[in-house]
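A short write-up of the structure that comes next.
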């Protein structure tokens, strides 16, 4: 069954304490080539049937009303997973 | 949790306020306390209402009926396990739709207080601006926190004087209040910063903000827990009013007497 993927990232101007902690941990495993980390969320919405424009629109609606909080987060991607699309 | 007109103190000793007798006008005021799956502090909040002299009514998140309550408290905890974002799923509970509509109703709008997770629910429901992200330190914090009342004109702070300080427990992980600068300036300009942290910012909240209100002043959210500082023997070890006995701090009680007296008056 096809899946729609939704990516949500903290807004650039919002401090991301979790990303900062991860960035601080990278040198501990010997990785020093990264200057910053930001942590987001990925959702996969499984669709029963074809991904019509209406279904995609519903996914966008879900992304902006429930899956993200526009005060602190941006929806950076809403699209059908290529590997599912025949 | 049935409402009882007289709350028996758990221990002896002088009470900060005498429990209401049957003739007290405050007893006729009913305050609903909402329970979601994962709510922790509903019983403490209901007890605080009764100790302040009012009647507490238990409200279930899945119901559609506010049962005619005069005010609502959304207590602390981890509603829906904080899944997705703190408060994000609770916001769509059937009872929240009732509360959102009643709280936005102009002059007769329902007074609503959100404490900790309840504050997060109110921001997710857009009843209050801004949002909460993880504490700057990333640690769960649990300590007695000093606050200053910046606005004593709201439904929930009228028993305090402006500038008065109180010490109540703070306990959370996602307590860092954030909003864009325009929103923050608006909150400051309109006197809607209700509480500010004093003696150090515990979680990185913008402009030391611990609590805010909506424009009408009927909806207030704050991160620390006044309901845990209402009864001698079970409160913080300190008070902003001076030395107290061990666990003797009751600085939070005024939040609950404020709304009761406002509603009677």
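Values quoted throughout were computed directly from the atomic coordinates according to the rules given, and no laboratory measurement underlies them. Treat the numbers as computed from the prediction; the structure is a model and nothing was measured. Heads up, the Cβs are rebuilt from the backbone with ideal geometry, glycines too, and the neighbour counts pull from every protein chain shown.
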- Task: Please identify, among B:119, B:155, B:234, the residue showing maximal mean-square fluctuation in a Gaussian network model of chain B using a 10 angstrom Cα cutoff.
- Result: B:234
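On average over all directions, what projected area in square nanometres does the protein assembly as shown have, based on the convex hull of its Cα atoms?
On the way: hull surface 84.3 nm².
Averaged projected hull area, Cα only: 21.1 nm².
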- Task: Determine, from the Cβ-Cβ distance of residue B:207 and residue A:13 and an R0 of 22 Å, the FRET efficiency 1/(1 + (r/R0)^6), rounded to the nearest 0.05.
- Result: 0.90
- Query: Assuming R0 = 22 Å, what is the FRET efficiency of residue B:104 and residue B:58, from their Cβ-Cβ distance, to the nearest 0.05?
  - Reply: 0.40
- Item | Distribution of pairwise C-alpha distances over the stretch B:69-141, 10 Å bins, in % | 20, 52, 21, 6, 0
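Based only on Cα atoms, what Rg/Rh ratio does the stretch B:30-264 have, Rh being taken as Kirkwood's radius?
Result for the stretch B:30-264 is an Rg/Rh of 0.93.
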- Under a Gaussian network model of chain B whose springs join Cα atoms within less than 10 Å, the largest fluctuation of B:246, B:166, B:113 belongs to B:246
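Reported to two decimal places, what Rg/Rh ratio describes chain A when computed on Cα atoms with Rh from the Kirkwood expression?
Here the Rg-to-Rh quotient is 1.10.
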- Burial-style ranking of B:55-65, B:188-198, A:25-35, B:29-39, average other-beta-carbon count within 10 Å with highest first, yields B:29-39, B:188-198, B:55-65, A:25-35
- Message: Order these by the 10 Å Cβ neighbour count, fewest first: B:259, B:244, B:149.
- Response: B:244, B:149, B:259
- Message: How shielded is B:131-143 by partner chains, expressed as the average number of their Cβ atoms within 10 Å of its Cβ atoms?
- Response: 3
